[in-house]
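Input: a single structure, listed below in structure tokens.
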Amino acid sequence: MKKQQKPAIKKTEPNKQNLSEINKISTRWYKDSKKLLFVGLILIATFITYLPAFNSQKEFTNWDDPVYVLQQNQIKSLEWSNITQMFNPQNHVSLNYHPLTMLSLAINYHFSKLNPASYFFINIIFHLLNTLLVFIFIYLLSKKKFWIALFSALFFGIHPMHVESVAWISERKDVLYAFFFLMSLISYIKYLDTKKIGFVLLCIIFFVMSCLSKAMGVVLPLVLILIDLYYPRKFTWKTLVEKIPFFAVSLWAGMMAINIQSTEAIGKFEIFSLLQRFQFTAYGFLMYWVKLLFPINLSAFYPYPNLNESGNIPLLHQISPIIALLIIAIPLYWLFKKDKSKFNIALFGIGFFIATIVLVLQFISVGKAIMADRYSYLPFIGAFFMIFSFANPFIEKLKTKNITLGIIVFIALIFSVLSFNRVKVWTNSEKLWTDVIEKYPYKITQTANVIRVEKVGVITAYINRANYYREHNQMDKAFDDFNILVLANTDEVKAYSNMGNFYGLKIQEALQKGDIQEATTMFNKSMEMYNKGLTLEKDNYEIYLNKGISLAIMNKHKEAVENFQLSLKINPNQLDLFKNMAISYLNLQLNDECIKYSNQYIKNKTDDSDIFFYRGTAQLKNGKNQEAIKDLTMATSLNPKFSGAWYNLSVAQNNIGNYKQAYNSANEALKNGYKINQDYYNNLKQKAEK
């Protein structure tokens with residue numbers, strides 16, 4: 001018997017219109033209430049992580065913030081002429097050309113002046129926007145895999161290594177360049193998906209804006225090539241030609257950055273050998289991956305290792321190139337053999353990481369640190385994409401979904417707490433530098449007169465914390481920090497210069513007490529510090545100036561003038577120098593020289609009673625009573641309690657026969673504490689009463 005055949009089931013395919021609608025729906029994650037809620041939650045979590053910065057104790061730090069904000073004239077005006085000056089490459093700031101960053105700070109200043117909370121608020125707004133952009137970028141790159149994008153964005157937002165880029169006001173350039181960088185990448189992916197040339201134009205525009213925010217944006221063309229490889233996209237003449245404008249912008253911005261930073265920021269190549277620099281590069285690369293997974297013992301400053309007696313760096317640094325090669329090559333090789341799709345994911349993730357961090361891996365040293373938390377801001381995106389792409393299959397499987405999500409959320413909570421506490425470190429300079437010192441302290445032992453440095457700390461941290469203490473009138477604490485550097489026999493000029501200044505203050509304190517022996521002891525110590533500083537930097541005008549001041553305090557005016565003259569050769573436009581030279585020449589009875597330097601000072605500053613007193617007194621000694629009266633009258637008008645100026649004014653008025661005025665001036669001098677010779681006063685009184 002012939003079996004009856006079952007009717008064939010006809011498979012229906014969605015028509016082009018239906019398929020188009022499906023794709024539209026799939027791209028609209030923001031119209032899915034659950035997905036939108038999750039995205040909103042990661043933004044809220046990120047914001048909560050940074051809440052400690054919103055407190056009344058938040059201050060600008062003394063690390064770059066004075067240069068970028070507190071003392072920066074570029075941000076004080078939004079007039080068109082000033083904005084054009086921001087975009088002039090000759091007007092770089094802190095050896096960086098980033099006019100868009102300066103413009104953003106100028107807008108900040110226009111609305112909030114020097115309120116640090118406002119500057120941080122803008123930083124956190126950009127960080128939240130960047131977190132959202134990371135989600136969108138990974139969502140598009142991963143072909144709309146929601147969990148990969150969500151967790152990549154979450155960990156970008158809350159990772160402790162990113163706190164420095166957000167909480168440090170001067171790092172506005174980091175969050176700003178990353179914003180335009182991500183906008184450019186998203187535009188490029190939209191171009192690949194739609195083939196609309198308008199997205200290429202947007203990509204270029206955002207790329208230029210990224211480079212104008214921070215020079216690190218120049219690596220974007222490398223990331224575009226990685227995206228081409230990941231899609232994958234066939235390499236043709238078209239794909240190469242479309243990259244030409246990007247590489248042209250990179251070349252322009254890169255050459256500009258090198259030309260600017262080569263004047264100072266780039267370290268001398270001969271300090272470390274070529275091999276050691278290669279080892280530092282590998283070590284930094286490894287440590288960024290370590291900090292990615294275990295973000296503990298973070299610091300605002302990671303110093304270079306000390307060379308041992310043989311001139312070698314530590315073993316870990318020496319073997320870092322081998323370790324780095326193994327952790328990259330072995331997984332990539334294994335994945336290439338076993339799973340090409342995972343290989344492409346790993347290639348993009350690691351490639352993105354390398355491309356966006358390669359310029360700051362310190363093969364050519366920029367600054368004094370071997371690595372920095374802020375340099376991880378963009379590179380970690382590649383790592384997050386790779387990690388959560390590999391985790392995604394476990395999230396999508398029902399059997400492993402809950403445990404995988406639980407592990408991820410648990411780690412996220414830990415990272416969020418670490419970041420929350422890390423934000424507190426950036427409250428002010430004292431907390432910031434104390435944190436660095438706790439991790440990299442100097443350890444010094446002293447037996448009799450023998451001083452031994454057991455461990456070398458971070459010089460920058462001690463100097464900046466000492467400066468903070470000095471600015472807040474905590475002189476003993478400031479002295480202790482500088483003294484540690486002196487005991488350690490560091491090669492930092494500022495340590496000796498500032499210690500000399502401290503001893504200079506003690507000279508004055510001793511003289512006020514009438515303790516000549518103590519003053520002499522402090523004077524000798526100040527000279528020792530200044531001379532030590534000059535052996536390290538013979539053309540330091542501040543040391544010559546301050547050394548001259550200490551000499552003048554001890555009435556060694558001839559030697560003081562010699563140091564002032566040396567300072568003058570180095571910096572001929574220093575106002576304080578003119579004033580100190582004027583008083584020393586006055587004490588040396590070189591009145592014409594006193595008048596000369598007083599004139600130089602008064603050209604630039606006309607509200608200083610002291611300088612008019614010096615010049616007026618020199619005019620008086622030269623017998624030019626009318627000129628003396630004019631200057632001394634100005635001195636008393638600026639400072640009505642200036643008893644010495646009142647007395648000299650009385651003498652000048654007496655010399656030209658204005659006895660009543662001279663008598664009145666003498667009474668003002670007496671009223672303000674000047675001890676007048678009784679015979680002079682009685683004689684003047686008689687003349688005035690006639």
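The values are calculated or read from the model by the stated rules, or taken from the named source; none is laboratory data. Keep in mind the model is a prediction, meaning the values are calculated, not measured. Backbone-built Cβ (ideal geometry, glycine too); neighbour counts: all protein chains shown.
For segment 151-241, give me every one of the helices (runs of 4 or more DSSP H) that falls completely inside it and has 1 or more residues that are closer than 27 Å to LEU37 by Cβ.
On the way: elements: 163-167, 172-194, 197-211, 220-230, 237-241.
Once the helices (runs of 4 or more DSSP H) in segment 151-241 are filtered for at least 1 residues that are closer than 27 Å to LEU37 by Cβ, what remains is 163-167, 172-194.
Take ILE225 and decide whether it is modelled with pLDDT of 90 or more and closer than 20 Å to GLY382 by Cα. Talk me through it step by step, then tell me what you get.
Numbers: modelled with pLDDT of 90 or more: yes; closer than 20 Å to GLY382 by Cα: yes.
Yes, satisfied.
Can LEU78 be described as under 19 Å from the mean Cα position of the chain (by Cα) and in contact (Cβ under 8 Å) with a residue 24 or more places away in the chain?
Details: under 19 Å from the mean Cα position of the chain (by Cα): no; in contact (Cβ under 8 Å) with a residue 24 or more places away in the chain: yes.
It is false that LEU78 is under 19 Å from the mean Cα position of the chain (by Cα) and in contact (Cβ under 8 Å) with a residue 24 or more places away in the chain.
Which pairs turn up if I take residues in segment 51-67 that are on the phi > 0 side of the Ramachandran plot and look for partners that are surrounded by 20 or more Cβ atoms within 10 Å (Cβ to Cβ) with beta carbon separation below 7 Å, at least 6 apart in sequence or on another chain?
Pairs that qualify, where the first residue is on the phi > 0 side of the Ramachandran plot and the partner is surrounded by 20 or more Cβ atoms within 10 Å (Cβ to Cβ), are ASP64/SER170.
Return a yes/no flag: does segment 132-154 have any residue that is within 28 Å of the chain's Cα centre (by Cα) and surrounded by fewer than 20 Cβ atoms within 10 Å (Cβ to Cβ).
Step one: filter segment 132-154 for residues within 28 Å of the chain's Cα centre (by Cα), giving 132-134, 152-154.
Within this subset, residues satisfying the condition of being surrounded by fewer than 20 Cβ atoms within 10 Å (Cβ to Cβ) are 132.
Within segment 132-154, one or more residues are within 28 Å of the chain's Cα centre (by Cα) and surrounded by fewer than 20 Cβ atoms within 10 Å (Cβ to Cβ).
Going residue by residue through segment 48-58, is there one that turns out to be of a type outside the set (A, V, I, L, M), assigned to a helix (DSSP H, G or I) and in the same structural domain as ASN259 (by TED's automatic domain parsing)?
Step one: list which residues in segment 48-58 are of a type outside the set (A, V, I, L, M), which gives 49-50, 52, 54-58.
Within this subset, residues satisfying the condition of being assigned to a helix (DSSP H, G or I) are 49, 52.
From what is left, the residues that are in the same structural domain as ASN259 (by TED's automatic domain parsing) are 49, 52.
Scanning segment 48-58 turns up at least one residue that is of a type outside the set (A, V, I, L, M), assigned to a helix (DSSP H, G or I) and in the same structural domain as ASN259 (by TED's automatic domain parsing).
Could you go through segment 160-167 and let me know if any residue there is assigned by TED's automatic domain parsing to the domain that holds SER341, over 20 Å from the mean Cα position of the chain (by Cα), crowded, with 24+ Cβ neighbours inside 10 Å and modelled with pLDDT of 95 or more. First the steps, then the outcome.
Filtering segment 160-167 down to residues assigned by TED's automatic domain parsing to the domain that holds SER341 leaves 160-167.
Imposing the further condition that a residue be over 20 Å from the mean Cα position of the chain (by Cα) reduces the set to none.
Scanning segment 160-167 turns up no residue that is assigned by TED's automatic domain parsing to the domain that holds SER341, over 20 Å from the mean Cα position of the chain (by Cα), crowded, with 24+ Cβ neighbours inside 10 Å and modelled with pLDDT of 95 or more.
Determine the pairs where a residue that is among the acidic types (Asp, Glu), located within segment 440-464, has a partner that is modelled with pLDDT of 85 or more with Cβ atoms under 7 Å apart, the partner being 6 or more residues away or on another chain.
Between residues of segment 440-464 that are among the acidic types (Asp, Glu) and residues that are modelled with pLDDT of 85 or more, the close pairs are GLU454/LYS443; GLU454/ILE444; GLU454/THR445.
Taking the stated definitions as given, is ASN654 of a type in the set (S, T, N, Q), surrounded by fewer than 17 Cβ atoms within 10 Å (Cβ to Cβ) and either at pLDDT 95 or above or more than 30 Å from ASP539 (Cα to Cα) (or both)?
Values: of a type in the set (S, T, N, Q): yes; surrounded by fewer than 17 Cβ atoms within 10 Å (Cβ to Cβ): no; either at pLDDT 95 or above or more than 30 Å from ASP539 (Cα to Cα) (or both): yes.
When the stated conditions are applied, ASN654 does not pass them.
Name every residue in segment 239-255 that is farther than 15 Å from LEU224 by Cβ and in contact with a helix residue (DSSP H, G or I) (Cβ under 6 Å, 6 or more places away or on another chain), in order of residue number.
Scanning segment 239-255 gives ALA253, GLY254.
Give the residue, chosen from ILE549, ILE484, that is free of Cβ contacts under 8 Å to residues at least 60 places away in the same chain, touching a strand residue (DSSP E or B) at 6+ places or on another chain (Cβ under 8 Å) and assigned to a helix (DSSP H, G or I). Outline the logic, then answer.
Values: ILE549 fails: touching a strand residue (DSSP E or B) at 6+ places or on another chain (Cβ under 8 Å).
On inspection, the qualifying residue turns out to be ILE484.
Could you please let me know if ASN540 is polar (S, T, N, Q) and either in contact with a helix residue (DSSP H, G or I) (Cβ under 8 Å, 6 or more places away or on another chain) or crowded, with 23+ Cβ neighbours inside 10 Å (or both)? I'd like the intermediate steps shown before the answer.
Working: polar (S, T, N, Q): yes; either in contact with a helix residue (DSSP H, G or I) (Cβ under 8 Å, 6 or more places away or on another chain) or crowded, with 23+ Cβ neighbours inside 10 Å (or both): yes.
For ASN540, the condition - polar (S, T, N, Q) and either in contact with a helix residue (DSSP H, G or I) (Cβ under 8 Å, 6 or more places away or on another chain) or crowded, with 23+ Cβ neighbours inside 10 Å (or both) - is met.
Contact list please: Cβ distance under 6 Å, first residue in segment 327-346 and under 18 Å from ASP228 (Cβ atoms), second residue loosely packed, with under 10 Cβ neighbours inside 10 Å, pairs at least six apart or on different chains.
As it stands, the answer is none, since no pair meets every condition given.
If I go through segment 306-343 residue by residue, how many of them are under 20 Å from THR281 (Cα atoms) and either part of a helix (DSSP H, G or I) or not assigned by TED's automatic domain parsing to the domain that holds THR281 (or both)?
So the first thing to find is which residues in segment 306-343 are under 20 Å from THR281 (Cα atoms), and the list is 306-308, 311-330.
Cutting the leftovers down to either part of a helix (DSSP H, G or I) or not assigned by TED's automatic domain parsing to the domain that holds THR281 (or both) gives us 315-330.
Summing the residues that are under 20 Å from THR281 (Cα atoms) and either part of a helix (DSSP H, G or I) or not assigned by TED's automatic domain parsing to the domain that holds THR281 (or both) in segment 306-343 gives 16.
Can you spot a residue in segment 341-353 that is basic (Lys, Arg) and touching a Leu at 6+ places or on another chain (Cβ under 7 Å)? Walk me through it before giving the result.
Going through segment 341-353, the residues basic (Lys, Arg) turn out to be 342.
This time we only want the ones that are touching a Leu at 6+ places or on another chain (Cβ under 7 Å), so: 342.
The answer is yes, given that some residue of segment 341-353 is basic (Lys, Arg) and touching a Leu at 6+ places or on another chain (Cβ under 7 Å).
Please determine, by comparing only the residues of segment 425-479 that are of a type in the set (Lys, Arg) and either at positive phi or buried (at least 18 other Cβ atoms within 10 Å of the Cβ) (or both), which one is nearest to the chain's Cα centre (by Cα). Steps first, answer last, please.
So in segment 425-479, the residues of a type in the set (Lys, Arg) come out as 431, 439, 443, 452, 455, 465, 470, 477.
Keeping just the survivors that are either at positive phi or buried (at least 18 other Cβ atoms within 10 Å of the Cβ) (or both) gives 465, 470.
Values: ARG465: 15, ARG470: 20 Å.
Checked segment 425-479; the qualifying residue nearest to the chain's Cα centre (by Cα) is ARG465.
Report whether or not SER299 is in a loop (DSSP other than H, G, I, E, B) and under 32 Å from the mean Cα position of the chain (by Cα). Outline the logic, then answer.
Working: in a loop (DSSP other than H, G, I, E, B): yes; under 32 Å from the mean Cα position of the chain (by Cα): yes.
Yes: the conditions hold for SER299.
From the list GLN600, GLN589, which residue is in contact with a Phe, Trp or Tyr (Cβ under 6 Å, 6 or more places away or on another chain), among the polar types (S, T, N, Q), surrounded by fewer than 22 Cβ atoms within 10 Å (Cβ to Cβ) and closer than 17 Å to ALA618 by Cα?
Working: GLN589 fails: in contact with a Phe, Trp or Tyr (Cβ under 6 Å, 6 or more places away or on another chain).
Result of the check over GLN600, GLN589: GLN600.
Is it true that some residue in segment 565-572 is in contact with a helix residue (DSSP H, G or I) (Cβ under 6 Å, 6 or more places away or on another chain), of a type in the set (Val, Ile, Thr), buried (at least 19 other Cβ atoms within 10 Å of the Cβ) and in a helix (DSSP H, G or I)?
no
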